[in-house]
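**Student:** Provided herewith is a single structure, encoded as structure tokens, for subsequent inquiry.
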Amino acid sequence: MKRAMQKELFSIDFVNPRDFTTNKHRNVDDTATGGGAGMVMTPQPLFDALRALKEQGDVHIIFTTPVGKPFVQNDAKRLASKGHIAFVSGRYEGIDERVIEAFADELFSIGDYILTGGELPSMVMSDAIARNIDGVLGNSESLEIESFETPLLEAPSFSKPTLYEGRAVQSEYINVNHSKIAALKFAMSKAKTSFFRPEQLIKHKKRTSYEK
């Protein structure tokens with residue numbers, strides 16, 4: 001990622017909502033209307049910050065939130081074609097819904113669990129998106145064989161030595177029979193998917209049935 005940024009294949013910048021506050025204490029949060037525990041990110045700083053971003057040109061605004069749709073590989077590939085993406089990272093008990101209604105192009109979640117803020121999801125999605133930009137990865141073929149490019153998980157990988165502490169790499173890899181390696185990888189991929197992500201195997205079977 002560092003080399004890709006040095007080549008100006010993509011860039012990252014940060015906007016601090018506190019820089020847009022109009023109150024003397026530079027607060028970006030307030031108590032929840034209607035009661036409830038915790039503080040909520042208040043509209044004014046975010047409205048002004050996002051308006052300022054939109055004035056700079058076309059920007060795709062994404063909010064990180066547990067209620068958003070699950071972020072998947074197809075989203076990363078699709079968003080890699082966007083010229084400018086802004087992630088709005090929530091804090092406290094969330095963001096005033098009026099900000100989301102006014103500015104959100106998409107809402108994403110990276111999993112069914114709670115974090116202290118949206119910064120980590122923003123970083124996760126940024127990494128997944130950036131590696132799909134042309135030229136970021138040294139070997140573009142890496143993208144084609146990774147897990148989640150198809151419903152099946154990626155087959156196990158092995159390095160040298162071929163024998164370590166009594167555990168050997170399958171002979172097909174050692175003999176470099178490409179057709180046998182491909183068949184073995186496909187079989188191991190299905191077995192791995194069946195064990196770790198059986199719902200993905202169902203998707204694979206549906207896809208292959210549809211293609212026939």
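**Student:** Taking the Cα atoms only, what angle lies between the long axis of helix 119-130 and the longest principal axis of the chain, rounded to 10 degrees?
**Tutor:** 50 degrees
**Student:** May I ask you to derive the FRET efficiency for Phe195 and Ser171 from their Cβ-Cβ distance with R0 = 22 Å, giving the value to the nearest 0.05?
**Tutor:** FRET efficiency, Phe195 to Ser171: 0.45.
**Student:** Work out the charge dipole of the range 145-211 with +1 on the Cβ of Lys and Arg and -1 on the Cβ of Asp and Glu about the Cα centre, then indicate which of Thr150, His178, Leu163 is farthest towards its positive end.
**Tutor:** Going by the Cα projections, it comes out as Thr150.
**Student:** In nm, what is the difference between 0.36 nm times the number of residues separating Ile202 and Arg18 and their Cα-Cα distance?
**Tutor:** Full extension of this stretch gives 61.5 nm more.
**Student:** Mean-square fluctuation check for the chain, GNM, Cα pairs under 10 Å: which of Ala182, Ala130, Ala49 is largest?
**Tutor:** So, out of Ala182, Ala130, Ala49, the one fluctuating most is Ala182.
**Student:** For the chain, what relative contact order do you get, as a whole percent, if you take Cα pairs closer than 8 Å and at least 6 residues apart?
**Tutor:** Across the chain, relative contact order equals 17 percent.
**Student:** Please go through the range 68-124 and write out the GluC sites (Glu not before Pro) that DSSP classes as loop and that have at most 15 other C-beta atoms within 10 Å.
**Tutor:** Qualifying residues, ordered by number: Glu93.
**Student:** Quote the Stokes-Einstein diffusion coefficient, in whole µm² s⁻¹, for the chain, based on the Kirkwood radius over alpha carbon pairs, a temperature of 4 °C and a viscosity of 1.567 mPa s.
**Tutor:** Diffusion coefficient, whole number: 63 µm²/s.
**Student:** In whole Hz, with x marking every Gly and Pro, tabulate ³J(HN,Hα) for the range 34-49 from phi via Karplus 6.51 cos²θ - 1.76 cosθ + 1.60, θ = phi - 60°.
**Tutor:** Working through the residues one at a time gives x, x, x, 6, x, 10, 10, 5, 7, x, 3, x, 6, 4, 5, 5 Hz.
**Student:** Please list, in order along the range 75-86, the HN-Hα scalar couplings obtained from phi with the Karplus expression 6.51 cos²θ - 1.76 cosθ + 1.60 (θ = phi - 60°), rounded to whole Hz, x for Gly and Pro.
**Tutor:** 5, 4, 5, 5, 6, 5, 8, 6, x, 8, 10, 10
**Student:** Using Cβ contacts closer than 10 Å as the measure, can you line up Lys54, Lys2, Lys206 from fewest to most?
**Tutor:** Going from least to most buried by this count: Lys2, Lys206, Lys54.
**Student:** Round to the nearest 10 and give me the degree value, 0 to 90, for the angle of helix 198-211's Cα axis relative to the longest principal axis of the chain.
**Tutor:** That works out to roughly 70 degrees.
**Student:** Take the alpha carbon atoms of the range 39-79, find their center, do the same for the range 86-128, and report the distance between the two centers in whole angstrom.
**Tutor:** Here the two parts' Cα centres lie 7 Å apart.
**Student:** Please count, across the range 2-130, the pairs of lysine residues with Cα atoms under 22 Å apart that sit 8 or more places apart or on different chains.
**Tutor:** 7
**Student:** Need the list of aspartates and glutamates near Lys206 for cross-linking: C-alpha distance under 17 angstrom, and skip anything on the same chain fewer than eight residues off.
**Tutor:** Within the straight-line cut-off, Lys206 pairs with Glu149.
**Student:** Now for a different question. How high is the relative contact order of the range 37-158, given as a whole-number percent (alpha carbon pairs under 8 Å, six or more residues apart)?
**Tutor:** 31 percent
**Student:** Related question: Taking θ = phi - 60°, what integer Hz values does the Karplus form 6.51 cos²θ - 1.76 cosθ + 1.60 yield along the range 102-114, in sequence order, with x for Gly and Pro?
**Tutor:** 7, 10, 5, 8, 8, 10, 10, 10, 9, x, 8, 7, 9
**Student:** How about Lys185: which aspartates and glutamates have a C-alpha closer than 13 Å to its C-alpha, ignoring those fewer than 8 places off in the same chain?
**Tutor:** In chain and number order, the partners are Glu146, Glu154, Glu172.
**Student:** Taking R0 as 30 Å, what's the FRET efficiency between Thr31 and Asp112 from their Cβ-Cβ distance, rounded to 0.05?
**Tutor:** My answer for the efficiency is 0.65.
**Student:** Just want the ordering: Met39, Met1, from fewest to most Cβ atoms lying within 10 Å of their own Cβ.
**Tutor:** Fewest-to-most ranking of Met39, Met1: Met1, Met39.
**Student:** Working from Cα positions, state the angle (0 to 90°, nearest 10) between the long axis of helix 178-196 and the longest principal axis of the chain.
**Tutor:** With both axes taken from Cα atoms, the answer is about 50 degrees.
Just so you know, all these numbers are worked out from the coordinates, no wet-lab data involved. As the structure is a prediction and not an experimental result, all values here were calculated from the model. Here Cβ is always computed from backbone atoms with ideal geometry, including for glycine, and neighbour counts include all displayed protein chains.
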